[in-house]
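Scroll down for the structure; my scribbles are underneath it.
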Amino acid sequence: MPESIHTLVVGGGQAGLAVSYCLKMLGVEHLVLEKASQPGYAWRHQRWDSFTLVTPNLSFQIPGAEYRGPDPDGFMSRQEIVQRFEDYVHANSLPVTFDAAVTSVQPEDGAGYRVTASGRVYRARNVVMANGWYHQGKMPAFASKIPGSILQMHSSSYRSPQSLPPGAVLVVGSAQSGAQIAEELYQSGRKVYLCTGACGRLPRRYRGKDVFVWLTEAGFFERSAELFNTLPNHYFVAPQLSGRDGGHTLNLHQFYRDGVTLLGHARDYVDGALVLANDFKENLARSDQGEKNMLENVVDAYIRKAGIDVPEERVPALTDGYQAPEVTSLDLQKAGVASIIWSVGFKYDLSMLPMPVLDEYGYPKADRGASSDYPGLYFIGIPFMPKLKSGFIYGVGENAQFVAEHIAERE
Ligand SMILES: Cc1cc2nc3c(=O)[nH]c(=O)nc-3n(C[C@H](O)[C@H](O)[C@H](O)COP(=O)(O)OP(=O)(O)OC[C@H]3O[C@@H](n4cnc5c(N)ncnc54)[C@H](O)[C@@H]3O)c2cc1C
């Protein structure tokens, strides 16, 4: 017999827990189904050992558990993040069922959904998909052609330099995760090859404040369709930036000076060699340009418009790396590469839904999270749904409140 419940939330990460908190405040009967056995799965199992938040502590704005600690400008460790989510569940007695992996969400004739999770069947009037935009690591198809003697993993499985076999490491992808991992590896003494992409850099501090604070004040994270439409592939890529060691800038020019071999996009693997695009200088230029654009067009423009009196700052124009030769092929054995870390992003998995719910860009067709085609179906934790901040700890609460109220009003 299916168990009847008013609302089911699929996934107990920050998005699912925030919805649960808001539903609880509104008195809506619900259950969170979480496939892991403890809270904080993504932060506990999908981040490396030395991971810290990249956004400052003050960005921890989960409803009912907003950061009030002594170090708003600091960057909390992975362990502290996990602890905060554990405390959140327990302090608010959120109704989470662990070890419940949802495998199917079927719309039922009439109203509601039939949900199957680890052998149990539920019938619910509403289902909130909170299973994580950044949950399933992407790997290119050609990775399967690389010999098994080289250890390959997605960035979400990387733990520490010591956990890798001796030898050089190829990091593919130079956005936030790839750049942080490459930095940790070369600073530990590893030879690192880094396949760059088009991701931009941000300075950690600028004109007297953390860049996150400026971007927040400037309303950057409030942006929705306007910003979305200007992004390549309509996908936000987290900039090169770190919260480690008190927070610092990540800079490919510095990497080059420190001995990292910068390469272009990895395109294929043929006859023992990685095939590379002839574009690493272009990527370096994009990283520089990304910084310039964000600082001039967002931060400086905001400071000017708001009439804020802070000293001007010019970030240095950097040139290291531009003189290096472009390489279009890397023989992995000759280069001594023993491990590859694919830091090429995540894919959104909605395979448990049999119906078409995504638009041409791979985003759910939904207004602020409420499905346009399937009443009672919701999506949460997705950047630009409806705002950029909706995919981050800082902004998921606003959307959680909207979704919870929408559900409550369906009564
Ligand atoms: C490397 C990295 C660094 C980041 N750093 C920051 C940062 O500094 N600041 C910030 O604000 N944001 C950051 N983010 C973005 C975002 O805050 C995190 O990705 C966050 O984990 C998203 O929370 P979520 O609840 O949407 O998804 P998740 O945390 O991924 O939670 C989804 C949950 O759903 C569960 N689940 C998945 N499938 C099923 C299923 N079929 N059945 C049941 N349960 C299921 C999972 O086990 C998981 O617990 C970062 C993201 C990444 C990838």
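By per-residue mean of other Cβ atoms within 10 Å, what is the highest-first order of 153-165, 378-390?
Top of the packing list down: 378-390, 153-165.
Mind checking the dipole of the range 254-411: about its Cα centre, +1 per Lys or Arg Cβ, -1 per Asp or Glu Cβ, Debye to the nearest 20?
60
Can you figure out the FRET efficiency of D309 with R123, using R₀ = 51 Å and their beta-carbon distance, to the nearest 0.05?
Computed FRET efficiency for D309 and R123: 0.25.
Picking from L94, F379, V260, whose Cα lies most toward the positive end of the charge dipole for the chain (charges on Cβ: Lys, Arg +1; Asp, Glu -1)?
V260
About the Cα centre of the chain, how large is the charge dipole given +1 on each Lys and Arg Cβ and -1 on each Asp and Glu Cβ? Please answer in debye to the nearest 20. Walk me through the numbers on the way to the answer.
Details: 38 positive and 44 negative charges, 112 e Å.
Charge dipole of the chain: 540 debye, to the nearest 20.
How much of the accessible area of the range 35-188, probe 1.4 Å, is carbon plus sulfur, in whole percent?
Answer for the range 35-188: carbon and sulfur cover 49 percent of the accessible area.
Taking the chain as a Gaussian network, where each spring joins two C-alpha atoms under 10 Å apart, which residue of E313, E34, E291 fluctuates the most?
Looking only at E313, E34, E291, the biggest GNM fluctuation is shown by E313.
Alpha carbons only, please: Rg and Dmax for the chain, in angstrom.
Answer for the chain, Rg first and Dmax second: 22.2, 69 Å.
At a Förster radius of 22 Å, what calculated FRET efficiency corresponds to the Cβ-Cβ distance of S149 and D258, to the nearest 0.05?
On the way: r = 28 Å, r/R0 = 1.26.
Step by step, r from the Cβ atoms, then E = 0.20.
Would you mind checking the pairs K305/K389; K292/K387; K35/K389; K209/K347 and listing those with alpha carbons more than 30 angstrom apart? List each step's numbers first, then the result.
On the way: K305/K389 22 Å; K292/K387 23 Å; K35/K389 25 Å; K209/K347 33 Å.
Violating the 30 Å Cα-Cα cut-off are K209/K347.
Once you have the Cα-Cα distance between D373 and S93, take 0.36 nm times their residue separation minus that, and quote the gain in nm to one decimal.
Result for the pair: 97.5 nm of gain on full extension.
Extension gain D268-E80, at 0.36 nm per residue separation less the Cα-Cα distance, in nm?
Working it through step by step, the gained length comes to 63.7 nm.
Any chance you could run the full-extension gain for E217 through E66? It's 0.36 nm times the residue separation minus the Cα-Cα distance, nm to one decimal.
Taking 0.36 nm per residue and subtracting the Cα distance, the gain is 52.6 nm.
Using a 1.4 angstrom probe, figure out how much accessible area the range 84-166 has per residue, in square angstrom, rounded to the nearest whole. Each step should come with its number before you reach the end.
Working: 3910 Å² over 83 residues.
Spelled out: the 1.4 Å probe surface of the range 84-166, per residue, equals 47 Å².
Students often forget the sequence filter, so: which lysines lie under 17 Å Cα-Cα from K191 once same-chain residues fewer than 8 apart are removed?
K334
For every helix of n ≥ 4 consecutive DSSP H residues, a contribution of -39,500 (n - 2.57) applies; sum these over the chain, divide by its total residues, and give [θ] at 222 nm rounded to the nearest 500 deg cm²/dmol.
It lands at -6500 deg cm²/dmol.
Run the quick spin-label model on T319 and L26: label points 7 Å from Cα toward the beta carbon, then report their separation in nm to one decimal.
So the label points at T319 and L26 sit 5.9 nm apart.
Classify the range 361-411: rounded, prolate or oblate, from the alpha-carbon gyration tensor (a ≥ b ≥ c, eigenvalue square roots; a/c under 1.5 rounded; otherwise prolate if a/b is larger than b/c)? Mind dumping the intermediate values first?
Values: a/c = 3.00, a/b = 1.23, b/c = 2.44.
Oblate, because a/c is 1.5 or more while a/b does not exceed b/c.
Within the range 168-211, what residues put their amide N at less than 18 Å from the label point 7 Å along the Cα-to-Cβ vector of N278?
Residues 196 qualify, since their backbone N sits under 18 Å from the label point.
Under 14 Å between alpha carbons, and skipping anything fewer than 8 positions from K138 in its own chain: which aspartates and glutamates qualify?
Within the straight-line limit of under 14 Å, K138 reaches these aspartates and glutamates: D349.
Treat each spin label as a single point 7 Å out from the Cα along the C-beta direction, and report the A141 to V327 distance in nm.
Once both label points are built, they end up 2.7 nm from each other.
With unit charges on the beta carbon (Lys/Arg positive, Asp/Glu negative), name the residue among Q176, S160, N131 whose Cα is farthest towards the positive pole of the charge dipole of the chain.
Going by the charge dipole, the pick is S160.
Report the calculated FRET efficiency for E296 and S188 (r = Cβ-Cβ distance, R0 = 30 Å), to the nearest 0.05.
Using R0 = 30 Å, I get an efficiency of 0.25.
Using Cα centres only, tell me the gap between the range 7-24 and the range 118-137 in whole Å.
Spelled out, the Cα-based centre of one part sits 10 Å from the other.
Can you find, among G219, L23, Y235, the residue sitting farthest towards the positive end of the charge dipole of the chain, where Lys and Arg contribute +1 and Asp and Glu -1 at Cβ?
Going by the Cα projections, it comes out as Y235.
What is the range 121-255's relative contact order, in percent, from Cα pairs under 8 angstrom and six or more apart in sequence?
Here the relative contact order equals 22 percent.
Pop a pseudo-label 7 angstrom from the Cα along the beta-carbon direction at both D245 and R410 and give the gap in nm to one decimal.
4.9
Let's see if you can work this out: charge +1 on each Lys and Arg Cβ, -1 on each Asp and Glu Cβ, no other charges. What is the dipole magnitude of the range 97-190 about its Cα centre, in debye to the nearest 20? Numbers along the way, then the final one.
Values: 8 positive and 5 negative charges, 31 e Å.
Roughly 140 debye for the range 97-190.
Return one whole number: the accessible area per residue of the range 256-353 in Å², for a 1.4 Å probe. Write down the numbers at each step before the final one.
Numbers: 5160 Å² over 98 residues.
Accessible area per residue: 53 Å².
The values are calculated or read from the model by the stated rules, or taken from the named source; none is laboratory data. What you are looking at is a predicted structure, and each value in this text was computed from that prediction instead of being measured. In this analysis, Cβ positions are derived from the backbone assuming ideal geometry, glycine residues included, and neighbour counts consider all displayed protein chains. SASA here: full protein model, heavy atoms, side chains in, ligands and nucleic acids out. Shrake-Rupley method; radii C 1.70, N 1.55, O 1.52, S 1.80 Å.
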